[in-house]
Every structure is written in C-alpha cells, then in structure tokens.
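Contents: one structure, followed by commentary.
Throughout, read-outs are computed from the coordinates displayed, never taken from laboratory work. This one's a predicted model, so the numbers in the text were calculated from it and none came from an experiment. No Cβ is skipped: glycine too gets one built from the backbone with ideal geometry, and neighbour counts run over all protein chains shown.
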C-alpha cells in the first residue's frame, strides 16, 4: 500500500484541480503514534496531507450520507478500501446517496493492524510507529519491536475476502489477490457451539465494560438513523443507565439493525475505547445472511438486500 | 511522620489489613484493559498499570447512581414522594491513581461542592475517600499535565503521594486522611524527611523533563467568548468527529449528568447518569428545538466549556488536567492540545 498514497494524492489533486469533485475525503496523519484522522480536502494544494497506511481503520463511508451531505453539495471523492467501498454501495442501495454524488478512489487493501494487539507487546506506552512494506517497527521508551504486519492484522482483515473495492471510479493501485477461506466463520461457530448458559455468560462478559459512549454506533456507516432507538424518549425503549439489561439491549438491537447490511469493516471495534469485540454480534448475522440468502452486503448496485425484498419464490411459508 | 517507606513485601498484607476499615479501589486488569475498580478480596492493585482508560472520577461520581426513590403504592401515605437514598459513607481508599486524577477531583469539586450548592451524594463520597497517588516516572506521549498546572508528581488533591523505588515505595503523607490510611495498613517505617524530599524532587524533575508539549493557554483569558465562538476553525475541528461520548466519559473533569426516572411495579427510582455534550439529546428541548443541533455546535461547546467558560467562571485555569485520555481514546484523533493552541493563537481580524 506504500505506493498507493502517491496515486491517491495525484488522483485527488487532479479531481480537485479540474473541479470534478468538490472535496476529497481521506485519511491524514494523526497527532500520536498509530493514529490517523478522517479529513476533507477542498484544494489540490492540500493533497500532501493525505496518507494511507495500516492504521486507517475507520470507514470513510461514514462521512457521506443523507445526514452529512446537503443536496446542494457537488460530487465528493472518497478514498475507499474494499469495505469502505462496500458501505458506499450500501448507502446507494439504501438510497442514502446517489451513485452520481460519489467518486470512489478505490484502494486495494492489505489490511489494517490491531492496535491493541500491538500495544499488548509493550508494558509501556508506544512512542513511535513506522511501516515499511509488510514490516512494522514499533517503539516505546523501553524497547523497539519489529513485527510482520500479517501477524498483527485485525481479525476482520484476517478473514476479509473483499480487499478490493467491488465498485469504484478509479483504482489507486493494482488489485491485490483475494483470499478464499475454508472456515470464514470459525469465530461464530465457536460461540454457537457453547451451551446456552456458557453462551449467555460469554455475551455478558463481552459487554461488561461497555460505557455506552456509542462510539461503535457512531463509527458505523450503517447507523445513520436520524434518531437512534436508544435516543428516543417518547416512548423510551430502553433505559439509559449502566443496567446490564439495558446495555445488552442496545448491543442486540443495534446488531439486528445491521443484519444483511454489515460489511464487517471493523470500524465499531476500532472505535470502541474499551476494545469490546462488538463484531461477535454482527458476525453471526453476516453468517446467516450468507447461508440463508447467499448475500454479502455492498457488492452490487443492482440487487436489493434480502431483508428489504419480497420474492414470490421465498422458501419460507410465513411470508406467503 | 511526613515520609515513610513501604517494603513491597509488606504492600499487599498492609492493604489487606486496611480492608477492615476501608473499601479498597485500585487499577485492575481484565480483557478490556486496566480500570480503577473496587478490589476483590485477595486482589492487589496493579501498580504498574498503564494509564487506565477511564479516570478515577467514578469512585465519587458513578456513571449510574441511584439518588431518590418513591413508592407508587397509593395505599401508602407517602406514595409518589421522592425520598433520598442513603448516602454511602463507608471510608474508601483509591490506590495507585495518577496525580492528575486527584487534581481533577479538585476541579470537579468546584461543581459539586461550592458555596451555592453542595451535592449530598458527591460530598459524602468525597469525605469518605482517601486518594493514594503513585508518581508517574515515565509519562506517555499523550500526557501534557505539566502544561496545565499539574504534573507527574503533583500533590494537589492527594492524601498520600508515593514513588516507586524498585523494591519499596517511598510515600509522602500529605493529609490527616493519608495518616489514617497509613495507620490502618500498619505502615510505620519512617524515612528521613530531607533526603526523601530531595528524592521526590529528583524524580519529579526527571519525569517532567520527559513531557514534551507546546500547549499554550496564556492568551485564552484575554479573548472574548464571542470571538472564540465565532472563530472560523470550528467546522474544520469538528469534521472528523463522530459525536460519540468517549472524550467526555474518559475525561476526569467532565461532570455533566442527566436525570432519569425508572419504575418497576410499585417502585420508582430516580437515577443520575453521566451525560455527554457530544450527544444531540444533551440540549434537545421538549419543544423539539435543539440549540446545539449540529455536531459543530456540540464540538465547539465541549472545547469552549473546558478552555474558556470554565476559565472565565472559576479563574482556576482550564478544565483539564492533561491526562491525555481523550487524545488516546478519540476514535478520530481529535487532539485537545491542537484545539487549545488554535484557540489560544486565534486573533480576530475584525
């Protein structure tokens, strides 16, 4: 991906200089090691601010939706990994944006790193992070560690089978080889194999440190509801305190609302300050969507998602 | 007895001894990292913990706190009359907190305990709590405590300040509360006050040197609220913000709360929950109007409160102790140091 950034900058500069797009949304360097920040550029003079590396873990489709775009705005270019592009497709399919509003600068992605896994290699705080090809050099006050990127990839990147954007206007690099997996949902199967009590205990433990900051929801491109159900007050569907029933209700309902829509981009887990693997909820629904409907979200523009389509050939009786 | 040494062999047994009179809190580690929590029996605090994700503010100001209850049973004479729950007066000690977390309690105190208003729940918890800090010998890249009138060996708000000397702790007893806790643990090995103070000074200077930050707050007081409010950079600051509550919840000085009533059968309970100015609900009026209807409004509010309104109202510096938790945890890397410098440097062209 090292070489992609030059192409991303050149494409961005060209689009802005020619006025093809009004702004380019991408990633810029952060103020601390292993941090990047989403940025919107409006001038071709600024494109040097753009970066693309293994810590661009958020999903930029989150910055383009009905809520964030005004209809008067011109075309917007988005730097998109495979998952970001799939969420842009989902936005289009769900009528949040039109295809014409968006210019997709596709990035063939080699995965994002798990910052917590890297932090766990150190007893003290990380002071430096450098990336050269597939080698990462991480420093703290006490030591320097060199690791292979492949060994510290986020779980969603390790099981990703859509590294290349399925829909794009231009690619900023040659497509990477897509992996095929014999057991793509091993993690889900492990949880499903637990007996009922163990499974309940697993999920209780999973969310026990949730602080309800809603970073998972707010980092998710799917969560564009004008008012989320947890924020409704009349009627109020769920208590707002730290009662565990209320906390789990939030997580369960949010996950169900993502059924057949989630691209497993991992932004929710990336954003969570407590490092809760909320993907344990959404992954099960992704698996169901695949097994029951042969559906993976965000791959094509011309097909309705299984949960918002009616088919006379539906195999289930209840709907007929 | 100003200074004592505590052999690390005696540390855990001493804490256990103190449990007769104190509920003990300290850093504990689980799969989500290190947090300040009540220590289970036989558990020692993880003294070499990295910065805890959350501060120690919840010890005095729990995220969800029951404050009033009422019965809805109309056969009872006092039905629907809210009565306060008993405040929790059990003495407690918070071990191994970083000095900036104790300073933060002093800032939060301005809100919960002042001449106009004393919050009974917070005040009772404050009275009952002893803060035992551990000096930070290796401040991390997010720590800018020295730039905001605090520091890795700051004593403000602490009852005891300890320094890690490999096989022992050197402890400076700062208050009567500190003395009581030390006595409850049975720690009584006196250390030479002069030598000990010199050691503390050396450690403090060494630690302070490691904090490199160019944060400036000197010009904030001289600016008008409206100039800063109308500054042109807020759209830019807010662009990446996803409006989650992380920065406010991890902040040791954010004190806002929301009141919620919940009923179950014939019992009504009034809770207070931490609130966050990042949420649109924070200012959503019953009329439907929202004076802070966009995320730019909300992001501006957070920084204006911390860096300008607080400063103007209390004249005690900014509402920040430089712990850097918001910097470390922000999913989109909004860095309060950068925003503060932009505000401090801003010159209106009007």
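Each DSSP beta bridge with both residues in the protein assembly as shown is either parallel or antiparallel, and the antiparallel ones are about 75%.
Using only alpha-carbon positions in segment B:29-174, the gyration tensor eigenvalues give semi-axes of 35, 18, 14 Å once each is multiplied by 5 and square-rooted (largest first).
Across the residues of B:329-342, average count of Cβ atoms on other protein chains within 10 Å?
Mean shielding count: 5.
Only DSSP H runs of four or more residues enter the estimate; each adds -39500 (n - 2.57), and after division by the residues of chain A the mean residue ellipticity at 222 nm equals -8500 deg cm²/dmol.
Report the relative contact order of segment A:74-146, percent, no decimals, based on alpha-carbon pairs under 8 angstrom and at least 6 residues apart.
Answer for segment A:74-146 is 24 percent.
An ellipsoid equivalent to segment A:113-152, defined through the eigenvalues of its Cα gyration tensor, has semi-axes of 16, 11, 7 Å when rounded to whole angstrom and sorted largest first.
Between the C-alpha center of segment B:107-132 and that of segment B:148-224 there is a gap of 22 Å.
The helix-only estimate of mean residue ellipticity at 222 nm for chain B, built from DSSP H runs of length n ≥ 4 each weighted as -39500 (n - 2.57), is -8500 deg cm²/dmol after division by the residue total.
Calculated on the Cα set of segment B:225-345, radius of gyration then Dmax: 15.9, 57 Å. Note on residue A:29 and residue B:202: their simple-model spin labels are 3.8 nm apart, each label 7 Å out from Cα toward Cβ. Between residue B:315 and residue A:243, the modelled label-to-label distance comes to 4.6 nm, taking each label 7 Å out from Cα in the direction of the beta carbon. With 0.36 nm allotted per residue and the present C-alpha distance subtracted, the residue A:142-residue A:49 stretch has 30.4 nm of extension available. Evaluating kT/(6 pi eta Rh) at 25 °C and 0.890 mPa s, with the Kirkwood radius of the protein assembly as shown over Cα pairs in the Stokes-Einstein relation, gives 91 µm² s⁻¹. Quick one: Kirkwood hydrodynamic radius for segment A:128-247, alpha-carbon pairs, angstrom, one decimal? Its Kirkwood hydrodynamic radius stands at 19.3 Å. What residue among B:92, B:264, B:272 has the largest mean-square fluctuation in a Gaussian network model of chain B, using Cα springs under 10 Å? Per the Cα network of chain B with a 10 Å cutoff, B:264 tops the list. Per residue of peptide B:276-286, the mean number of Cβ atoms on other chains within 10 Å of the residue Cβ is 2. By the beta-carbon count within 10 Å of each Cβ, the least crowded to most crowded order of B:25, B:100, fewest first, is B:25, B:100. Once the Cα-Cα distance is subtracted from the 0.36 nm per residue extended length, the residue A:318 to residue A:227 segment shows a gain of 29.7 nm. Would you mind estimating how fast segment A:1-150 diffuses translationally, via Stokes-Einstein at 20 °C and 1.002 mPa s with the Kirkwood radius over Cα pairs, in µm²/s? For these conditions, the coefficient is 131 µm²/s.
Per residue, the convex hull spanned by the Cα atoms of chain A amounts to 166 cubic angstrom. A simple spin-label model places pseudo-atoms 7 Å from Cα toward Cβ; at residue B:283 and residue B:138 they are separated by 4.3 nm. How many angstrom lie between the C-alpha centres of segment A:1-37 and segment A:93-157? If we compute the Cα centre of each part, the gap is 17 Å. By the compact-protein rule of thumb, 2.2 N^0.38 Å, the alpha-carbon radius of gyration of chain B corresponds to a ratio of 1.08. The calculated FRET efficiency for residue A:99 paired with residue B:19, based on their beta-carbon distance and R0 = 45 Å, is about 0.10. Measuring nothing but how far apart in sequence close Cα pairs (under 8 Å, 6+ apart) lie, relative to its length, segment A:1-155 scores a relative contact order of 21 percent. Take the Kirkwood radius over Cα pairs of segment A:197-320, plug it into Stokes-Einstein at 25 °C and 0.890 mPa s, and you get 154 µm²/s for translational diffusion. With chain A treated as a Gaussian network of Cα nodes joined by springs under 10 Å, which of A:179, A:101, A:236 yields the largest mean-square fluctuation? Among A:179, A:101, A:236, the largest mean-square fluctuation in the Gaussian network model of chain A belongs to A:236.
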